[in-house]
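Take a look at the structure below.
The values are calculated or read from the model by the stated rules, or taken from the named source; none is laboratory data. All figures in this text were calculated on a predicted structure; none of them were measured in a lab. Here Cβ is always computed from backbone atoms with ideal geometry, including for glycine, and neighbour counts include all displayed protein chains. We work out accessible area using only protein heavy atoms, side chains counted, and drop any ligands, DNA or RNA first. Shrake-Rupley method; radii C 1.70, N 1.55, O 1.52, S 1.80 Å.
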Amino acid sequence: MKNLMAAIEAKLMPLAGKMAQQRHLGAIRDAYISFMPFIIVGSILLVISSFPSTAYQQFMASIFGEGWSATIEIPFNAIFSTMAVFISFLVAYRLAERYDIDKMSAGILSLSCFLILTPFAKTQEIGNLIPMEWLGSKGLFVAMLGALASTELFAWMLRQNWVIRMPDGVPPAVQKSFAALIPSLLILVIA
């Protein structure tokens, strides 16, 4: 058994090391690590509100009232029903860190692309709107792929100097905004 484990470890460890160094997988990993505290807090609140004990539920209802569990689940619902929105931003932000480009512009661009790529529903009262289920876990795959694609395009366009150059003396924040203008326009049109 030890020989089998050693053989598996000898084969898999180099592969795992290479995968850990891959920038796209690292960006996704780092995005989830950044979001992890909110996932944990939401999960703890769900456990508190849904603990499977009748005595516990009755005790909590006697202290906080009948609707206590719905109130305590509000943060859980807010976190998990909008998870794809945050992951879309964070994956692009973390990948832009690895490319050493404007992280905030990459994150906002990715979020905008995600919202463009999310299917809209047509209602008579409001018109077009994004169904909430696509902003949660159902939209995570599109959020991650869209973040990677938009940030790759953004980095490539910046390397190709498809930017508006500002004169010396312009504040760096303004320079970054104008440098992101042409790539953002093109990527949003593509999305």
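Equivalent-ellipsoid semi-axes (√(5λ), Cα gyration tensor) for segment 150-191, whole Å, largest first?
20, 10, 8
Which angle from 0 to 90°, rounded to the nearest 10, does the C-alpha axis of helix 140-159 make with the longest principal axis of the chain?
20 degrees
Evaluate E = 1/(1 + (r/R0)^6) for Leu145 and Leu186, where r is the Cβ-Cβ distance and R0 equals 25 Å; express this FRET efficiency to the nearest 0.05.
After rounding to 0.05, the efficiency reads 0.85.
Mind putting a number on the dipole of the chain about its Cα centre? Charges go on the C-beta only, +1 for Lys and Arg and -1 for Asp and Glu, and I need it in Debye to the nearest 20.
Rounded to the nearest 20 debye, it is 660 debye.
For the chain, set up a GNM with springs between Cα atoms under 10 Å and report which of Ser81, Ser110, Ser53 has the largest fluctuation.
Taking springs between Cα atoms under 10 Å, the residue moving most is Ser53.
Counting only protein heavy atoms, what percent of the accessible surface of segment 1-53 is carbon or sulfur at a 1.4 Å probe? Before the final figure, lay out each step's value.
Values: 2970 of 3960 Å².
Its accessible area is 75 percent carbon and sulfur atoms.
If you roll a 1.4 Å probe over the heavy atoms of the protein chains, what accessible area per residue do you get for segment 54-191, in Å²?
Accessible area per residue: 58 Å².
With equal scatterers on the alpha carbons only and no solvent term, can you work out the Debye log10 of I(q)/I(0) for the chain at 0.12, 0.13, 0.18 1/Å?
-0.78, -0.85, -1.13
At a Förster distance of 41 Å, what's the computed FRET efficiency of Ile74 paired with Leu25, Cβ-Cβ distance as r, to 0.05?
Once rounded, the FRET efficiency stands at 0.75.
Taking the Cα-to-Cβ direction at Thr82 and at Phe64 and moving 7 Å from each Cα, how far apart do the two end points lie in nm?
It is 2.1 nm.
Compute the long axis of helix 23-50 from its Cα atoms, compare it with the longest principal axis of the Cα atoms of the chain, and write down the angle in degrees, 0 to 90, nearest 10.
20 degrees
Mind checking the alpha-carbon convex hull of segment 1-62 and giving the volume per residue in Å³?
Spelled out: Cα convex hull of segment 1-62, divided by residues, is 125 Å³.
For segment 1-112, take the convex hull of the Cα atoms, compute a quarter of its surface area, and give me that in nm², please.
Value for segment 1-112: 11.4 nm².
Please report the relative contact order for segment 96-191, taking Cα pairs under 8 Å with a sequence separation of at least 6, and give it as a percent rounded to a whole number.
Answer for segment 96-191 is 31 percent.
Using only Cα atoms and rounding to the nearest 10 degrees, what angle (0 to 90) does helix 103-117 make with the longest principal axis of the chain?
Result, in degrees: 70.
Given Cα pairs under 8 Å that are at least 6 residues apart, what percent is the relative contact order of segment 52-140?
Values: 74 pairs, mean separation 27.2, N = 89.
RCO, segment 52-140: 31 percent.
So, R0 is 30 Å and r is the distance between the beta-carbons of Glu97 and Thr54; what FRET efficiency does that work out to, to 0.05?
Approximately 0.05, to the nearest 0.05.
Give me the percent relative contact order of the chain, please, defined on Cα pairs under 8 angstrom at least 6 residues apart.
Taking the mean separation of contacting Cα pairs over the length of the chain, I get 20 percent.
Looking at the chain as a GNM with Cα springs under 10 Å, which of Leu15, Leu90, Leu111 has the largest mean-square fluctuation?
So, out of Leu15, Leu90, Leu111, the one fluctuating most is Leu15.
With unit charges on the beta carbons (Lys and Arg positive, Asp and Glu negative) and the dipole taken about the Cα centre of segment 14-121, which residue among Pro75, Leu25, Thr118 sits farthest to the positive side?
Leu25
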